[in-house]
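What follows is a set of notes on a single structure, which appears directly below.
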Amino acid sequence: MINMNKVLFVICLAGTLTTALALGAHSSEIATEDTWRVYLIPGSGGTAVNPEDSIGTPYAGTSTLDNVLDDPSVKDPRDGTPPGSVGMQGMAVGSWYRPWGNGGAYGLYQYDMRRPVTGPSYYKEWKDYMLYISDGQQPPYPSENLCLIVGSSGVPNSIEGMPIEYKLIMTFHPASYNGPTEWTLPPAPEGGTGLTDWWQVKLPAEGALCSSPFSGTGPLAATQVYGYRFDFIVTPEPGSLLALGTGLVGLLGVIRRRKS
């Protein structure tokens with residue numbers, strides 16, 4: 001008669017090993033880079049989208065330099081310069097909102113660097129990316145769409161053998177907007193080096209066209225009145241964590257029963 005405990009033990013061990021091998025295969029297909037950039041490119045203009053309408057190219061990135069910090073409230077040497085003047089009417093604007101001005105004043109900046117994404121959580125986020133259309137000091141030309149274009153350079157789909165996902169979470173939008181507020185991006189293109197080679201979403205320009213999305217200076221909760229705001233998040237792929245966790249839990253259960 002077959003011992004059921006032994007059968008369960010073999011099944012759980014096989015499932016765990018299969019998951020581990022799958023993770024290893026995934027990581028061997030795509031390079032696990034320590035330094036990479038995700039470009040967030042604003043675009044607008046009539047019914048078409050043109051990334052050249054953007055005023056600079058903000059990005060979220062990682063760096064192995066010792067002086068790079070993970071604290072977004074503190075400006076480290078790799079964190080970006082202001083985007084410059086915003087005056088052209090109808091121009092799409094995208095920037096990070098950070099307290100890096102004189103005396104801690106808030107402002108808009110072009111890039112934000114972090115330490116490489118590592119275990120055990122494999123979770124990292126870049127908060128408060130602002131997206132809007134500048135009306136300058138003149139009536140803007142008609143802009144029906146505002147677009148957020150995501151590009152990449154050396155972006156991995158797995159880190160240290162753990163498959164990961166990239167997400168965009170909309171945390172503020174015009175009152176008239178009733179569309180999606182969360183997106184899981186498709187896998188990044190292997191060897192991506194272009195600014196527009198990954199993914200994009202179109203958004204209504206209504207409520208996002210203004211001379212400034214802020215009513216003053218200070219925390220966003222009190223000052224943002226127009227435009228869109230996003231968090232960019234790197235997080236472990238839920239399916240991989242669930243499969244690995246299920247296999248380990250089953251294996252531990254069998255081991256406990258064998259000991260008892």
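The values are calculated or read from the model by the stated rules, or taken from the named source; none is laboratory data. Since this is a predicted model, take the numbers as computed values, not measurements. Glycine gets a Cβ as well: all are built from the backbone with ideal geometry, and neighbour counts include every protein chain shown.
Just a yes or no: is a residue in the range 197-218 in contact with a Cys (Cβ under 8 Å, 6 or more places away or on another chain) and among the small types (Gly, Ala, Ser)? No, there is no match, as no residue in the range 197-218 is in contact with a Cys (Cβ under 8 Å, 6 or more places away or on another chain) and among the small types (Gly, Ala, Ser).
Looking across the range 202-230, the residues that are at pLDDT 85 or above and surrounded by fewer than 16 Cβ atoms within 10 Å (Cβ to Cβ) come down to Glu206, Ser215, Ala221, Ala222, Thr223, Val225. Among the residues of the range 168-201, those identified as among the β-branched types (Val, Ile, Thr), part of a loop (DSSP other than H, G, I, E, B) and modelled with pLDDT under 95 are Thr193, Thr196. If the condition is being among the acidic types (Asp, Glu) and either modelled with pLDDT of 85 or more or surrounded by fewer than 15 Cβ atoms within 10 Å (Cβ to Cβ) (or both), then the range 34-86 contributes Asp34, Glu52, Asp66, Asp70, Asp71, Asp76, Asp79.
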